[in-house]
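One structure is given below, encoded as structure tokens.
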Amino acid sequence: MEEMEEELKCPVCGSFYREPIILPCSHNLCQACARNILVQTPESESPQSRRASGSGVSDYDYLDLDKMSLYSEADSGYGSYGGFASAPTTPCQKSPNGVRVFPPAMPPPPTHLSPALAPVPRNSCITCPQCHRSLILDDRGLRGFPKNRVLEGVIDRYQQSKAAALKCQLCEKAPKEATVMCEQCDVFYCDPCRLRCHPPRGPLAKHRLVPPAQGRVSRRLSPRKVSTCTDHELENHSMYCVQCKMPVCYQCLEEGKHSSHEVKALGAMWKLHKSQLSQALNGLSDRAKEAKEFLVQLRTMVQQIQENSVEFEACLVAQCDALIDALNRRKAQLLARVNKEHEHKLKVVRDQISHCTVKLRQTTGLMEYCLEVIKENDPSGFLQISDALIRRVHLTEDQWGKGTLTPRMTTDFDLSLDNSPLLQSIHQLDFVQVKASSPVPATPILQLEECCTHNNSATLSWKQPPLSTVAAEGYILELDDGSGGQFREVYVGKETMCTVDGLHFNSTYNARVKAFNKTGVSPYSKTLVLQTSEAAGAHETKPVKDTDSEEQTLPFPVPSERLPLRRMSPFSSTLNLQPSFPGRSYFDFRSSPHQLSLHSSLQSLNAPGCSLEAQSASYSQLVDIKKLLAVAWFAFDPGSAHSDIIFSNDNLTVTCSSYDDRVVLGKTGFSKGVHYWELTIDRYDNHPDPAFGVARIDVMKDVMLGKDDKAWAITEGGITKGATIGVLLDLNRKTLTFFINNEQQGPIAFENVEGLFFPAVSLNRNVQVTLHTGLPVPDFYSSRASIA
């Protein structure tokens, strides 16, 4: 019964309904509360003016919602009549149960009648505090609304079923225990509320106040009021209008108000609606039963979640403790090795100290003996032993000179702990979804016929297995660092082809790929070994044929019609689409149980009529410092250049359309080795200041090269048309040197140059330069590098 209490409370006052009336929207209000929330409307919106104009057809006229907005959840707590400037603005209040209501715009005039019987102001409207529908009252006012006798009866039965003490009905916060009841007002009062709201003077002095218990009994014994017609108060309801959905009296039918409507007996419709309500309650009861069972299930789940959480946390703690124990055991083993090395070093040094101490003592004794012999004055006796002493002194000196005074052990420990794999494993330690809703994708297959290397770039292509039924949402491509180190992610996305730029020349990279979806990731593909070019720039290499080997060598052409996803650098997040390389490359394909090996064949000079031996000899003559030099052929990169840069001559010649300096980078980046390239000045007008050097991939493109910390450059205002600027980048020695017309410009320009660098130029519209690549290092620098 307590769950029903909210249904029995007025949305305005928050107390049990007192003389409830039924609004046309089927919601209920206390009659006194309905009077409190009345709002007076302009004369032009009254029912009389509407009927006079022929626009009103009903007793209760709903206000035009476009003209009137008495309530809005988006406003700041105020409602207003928006259709007329003269309409009052009334502040919005909250009832005890949280519903917003509107008090009257002006306090009601003083009257000697009870609130329920006081006259209603003319042209008043009322807004339902629950559905917010507004309507204008006619001349009958609130008397035109039917009274809800059924709700009154339910409230009486509910109050009688409660054995608690009667509470005051006018206390605002915590209701106090009632001390009296007014039979005329039908209200229970505590002493403070009686003195404040029901003083014993004026018309209220004639009201009869009785004890609360007596008032409850009088309420219970009072005869039930018979429901009468709202239009004819002396007539009882006897029929029911189906169209109007309201009970009517005999006089209403006589007057012809419902002449064209279907009218049925009140008792029959009462039984029919009771039956319909019972049937509706049966369905609602089933839903309530299901909701109760669902709540029981949820509460059970809460308990199971708590139990499983405790169990899982204990398991997790145990697993982490096991890892910590294993790490502590390994720590103890490593410390034992360190202690062993420590003891060994101490033993060697101490033995050397002991040996050196003995020899030093012997040497000191021999020196003192020789000094005493020198003091003797007997020449014959001295000559008898001098030769032997001289030999002993020289022999002792020679013994000290044979590494005796060199420590046999260094103070440094020749041990290096590599904890990076373990740290990576710890960082990758995560939960595995065992109960997957769908399987993970199949392992991708690398398409060897579409994989290639060119200069210091590598293009890889892959696909899903033909019979795979699980879709992949994306792929993860990983490469190592070219030295057999850890793998790192270089691409994550939906594409199935990727070109990675900025790799090291003459280096071997391992590549692998895996697929992923919402469930998880697939196993890695087979590892692909890629060899970047040692002498880059040849457009085509010949296939290597080995007839004696059991392994088959297959030539794989590079398709030029596809657009692979191009990765600028394994350390950069910049991605752009560029066509694949126009040339062809061939690789050796070898199969093994663990990996696929893809080796780029060495590129020849391709001289006409030259044998392979002659080409190799010519190549060795060109490259004297093979370990330091990796000749690279490249052009300017339109993809990373400023939009004002103008390209020509297969992207080898550039100029600019702006008077401001703009930066353009080379397409190839360098991170190790020795590289040399030149730039010739094709046009030089009005003494501009072009800059030449190297830069990072993220250098500023709209300022002169070298203005930020991402570029290293030289600016020579004395150059003229036809001059040649040489740039020598030695990443082995971490230096940058510049030449003008084959003459070195001062000493080394920059030192400690380390990282990934791209050839760079900044120029304006007064300058045009042409790039020359694939050049050997200057002879004098090659000789100096060989000597170093």
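The values are calculated or read from the model by the stated rules, or taken from the named source; none is laboratory data. From a predicted model like this one, the values you see are computed outputs, not experimental measurements. Backbone-built Cβ (ideal geometry, glycine too); neighbour counts: all protein chains shown. Only protein heavy atoms, including side chains, enter the accessible area calculation; ligands, DNA and RNA are left aside. Shrake-Rupley method; radii C 1.70, N 1.55, O 1.52, S 1.80 Å.
Worth pointing out:
- Options Asn752, Asn732, Asn742: the member that is open to solvent by 70 Å² or more (accessible area, probe 1.4 Å), in contact (Cβ under 8 Å) with a residue 60 or more places away in the chain and of a type in the set (S, T, N, Q): Asn732
- The condition (being under 60 Å from the mean Cα position of the chain (by Cα), hydrophobic (A, V, I, L, M, F, W, C) and surrounded by 12 or more Cβ atoms within 10 Å (Cβ to Cβ)) is satisfied by just one residue among Leu429, Leu422, Leu415, Leu389: Leu422.
- Residue within region 265-282 that is of a type outside the set (Lys, Arg) and in contact with a strand residue (DSSP E or B) (Cβ under 6 Å, 6 or more places away or on another chain) present: yes
- Within region 648-663, the set of residues being surrounded by fewer than 16 Cβ atoms within 10 Å (Cβ to Cβ) and either among the polar types (S, T, N, Q) or not in a loop (DSSP other than H, G, I, E, B) (or both) comprises Ser648, Asn649, Ser657, Ser658.
- Output for region 20-37, where each listed residue is assigned to a loop (DSSP other than H, G, I, E, B) and surrounded by fewer than 19 Cβ atoms within 10 Å (Cβ to Cβ): Pro24, Cys25, Ser26, His27
- If you go through region 702-760 and pick out every residue that is among the small types (Gly, Ala, Ser) and farther than 21 Å from Lys667 by Cα, you end up with 6.
- Options Thr547, Thr508; residue that is open to solvent by 40 Å² or more (accessible area, probe 1.4 Å), at pLDDT below 90, of a type in the set (Val, Ile, Thr) and over 30 Å from Gly673 (Cα atoms): Thr547
- Every pair of residues 6+ apart whose Cβ atoms lie under 6 Å, when the first sits in region 637-656 and is on the phi > 0 side of the Ramachandran plot while the second is open to solvent by less than 50 Å² (accessible area, probe 1.4 Å) and in a loop (DSSP other than H, G, I, E, B): Asn651/Ala635
- Checked against (1) farther than 30 Å from Ser671 by Cβ; (2) not assigned by the TED database to the domain that holds Asn517, Pro421 meets all criteria but (1).
- Residues within region 255-276 that are hydroxyl-bearing (Ser, Thr, Tyr) and exposed (fewer than 10 other Cβ atoms within 10 Å of the Cβ), tallied: 2
- Candidate set: region 440-480, residues that are under 28 Å from the mean Cα position of the chain (by Cα) and of a type in the set (Ser, Thr, Tyr); chosen: the one surrounded by the most Cβ atoms within 10 Å (Cβ to Cβ): Tyr475
Each row is one residue, and each column tells you yes or no for (1) of a type in the set (Gly, Ala, Ser); (2) in a loop (DSSP other than H, G, I, E, B); (3) open to solvent by less than 60 Å² (accessible area, probe 1.4 Å).
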position	(1), (2), (3)
Leu679	no, no, yes
His687	no, yes, no
Phe692	no, no, yes
Lys707	no, yes, no
Ala713	yes, no, yes
Leu728	no, no, yes
Phe738	no, no, yes
Val761	no, no, yes
Tyr781	no, no, yes
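- Given (1) at pLDDT 85 or above; (2) surrounded by 15 or more Cβ atoms within 10 Å (Cβ to Cβ), index of the condition Glu534 fails: (1)
- For region 1-19, a residue qualifies if it is part of a strand (DSSP E or B), hydrophobic (A, V, I, L, M, F, W, C) and in contact with a Ser or Thr (Cβ under 8 Å, 6 or more places away or on another chain), but none of them does.
- Scanning region 256-308 for residues that are touching a Cys at 6+ places or on another chain (Cβ under 9 Å) and not acidic (Asp, Glu) yields Lys257, His258, His261, Val263, Lys264.
- Summed over region 616-647, residues that are modelled with pLDDT of 50 or more and either among the polar types (S, T, N, Q) or not in a loop (DSSP other than H, G, I, E, B) (or both) total 6.
- Just one residue in the set Ala318, Ala291 is under 40 Å from the mean Cα position of the chain (by Cα) and under 30 Å from Val150 (Cα atoms); that residue is Ala291.
- Restricting region 407-423 to residues that are among the aliphatic types (A, V, I, L, M) and in a loop (DSSP other than H, G, I, E, B), the residue that is nearest to Arg337 (Cα to Cα): Leu415
- Residue within region 245-253 that is under 59 Å from the mean Cα position of the chain (by Cα) and modelled with pLDDT under 85 present: yes
- Here Leu665 fulfils each of the conditions (1) more than 25 Å from Lys734 (Cβ to Cβ); (2) in contact with a strand residue (DSSP E or B) (Cβ under 6 Å, 6 or more places away or on another chain); (3) modelled with pLDDT of 90 or more apart from (1).
- Hey, Glu372 outside any helix (DSSP H, G or I), acidic (Asp, Glu) and either open to solvent by 60 Å² or more (accessible area, probe 1.4 Å) or farther than 30 Å from Val432 by Cβ (or both) or not: no
- Scanning region 461-487 for residues that are touching an Asp or Glu at 6+ places or on another chain (Cβ under 8 Å) and at pLDDT 90 or above yields Ser461, Tyr475, Ile476, Leu477, Glu478, Phe487.
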